[in-house]
Amino acid sequence: MKRLALLILTLFALAGCVHYDEELWLNHDGSGRAKLRLIHRSPYENPEEIVRKSSLPGITLQRYDIQRKGADAIYTMEFKFKSVEAFNNINDQLGAADFWGRITLNKEPGRRITFKRRIALGSQESDDDFENIFSSMQTENPVWKYKLHVPWKIVSSNAAPENIDLKNRTISWSFDTGAMWNKTELMTVELKKSFPWLLVVIGGIVFILAVFLVHWLFRFAKKSHLIERLTHHHEE
């Protein structure tokens, strides 16, 4: 009974969501920043929830704004996060509809990195009568858009080819809830770190300086030894 009530509340909340737009920037160390825009059909605003989430560990709120357009409340929020884990902790979703999802960023052999983010819509039970009823009542399907900026070379992604910008290192996905009931969506990107030429150059310079220093010390020691012999010979 508790699960049923939670599901109904989740679906009512989802029905009020008209649009979700997110842009995410990742840094080399897993930190980053995000910009969110949520249009929610509701007669009231809820700034308390934004403040609550921004107070979580590793999250720094930069700005937020709430505007109203007719029956819609438009939320805009920008924040920084210290790690992927801090970003994931913002998600305290209790229901089945989860457009925030969870990010994993894994290091692979050969300087490769895999980015994955799974989002879900619905309970994953296709025979759920309540979910089928509410999904059929949706007169307009919300759209979720995600744009990701990465600091590494893009090798491949499951995004549409026209949504992959290799030069600017961005990938975009768009999901229509009309095709997402009772399933999950996975955003994936395979990335590759550039070869650390700067470190190689610095290492080469350090090596050359070390060789020069050793050579200079050897010559200095040899010269000192020669002077000592000449001095000793002169004293005799």
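The values are calculated or read from the model by the stated rules, or taken from the named source; none is laboratory data. If you're wondering where the values come from, they're calculated on a predicted model, not measured in any experiment. Counting neighbours? That spans all protein chains shown, and the Cβs are built from the backbone with ideal geometry, glycine included. Ligands, DNA and RNA are stripped out before the accessible areas are found, and what is left, the full protein with its side chains, is counted by its heavy atoms. Shrake-Rupley method; radii C 1.70, N 1.55, O 1.52, S 1.80 Å.
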**Study point:** Among the candidates VAL155, VAL206, residue that is modelled with pLDDT of 95 or more and loosely packed, with under 14 Cβ neighbours inside 10 Å
**Key:** VAL155
Check your understanding: Do we find a residue being assigned to a loop (DSSP other than H, G, I, E, B) and crowded, with 16+ Cβ neighbours inside 10 Å anywhere in the stretch 100-117?
Key -> no
Point to revise | All positions within the stretch 32-68 that are of a type in the set (D, E, K, R), in contact (Cβ under 8 Å) with a residue 24 or more places away in the chain and open to solvent by 90 Å² or more (accessible area, probe 1.4 Å) | key: ARG33, ARG37, ARG41
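For the stretch 140-174, what are the residues that are in contact (Cβ under 8 Å) with a residue 24 or more places away in the chain and in a loop (DSSP other than H, G, I, E, B)?
Answer for the stretch 140-174, where residues must be in contact (Cβ under 8 Å) with a residue 24 or more places away in the chain and in a loop (DSSP other than H, G, I, E, B): GLU140, ASN141, PRO142, VAL150, PRO151, TRP152, ASN158, ALA159.
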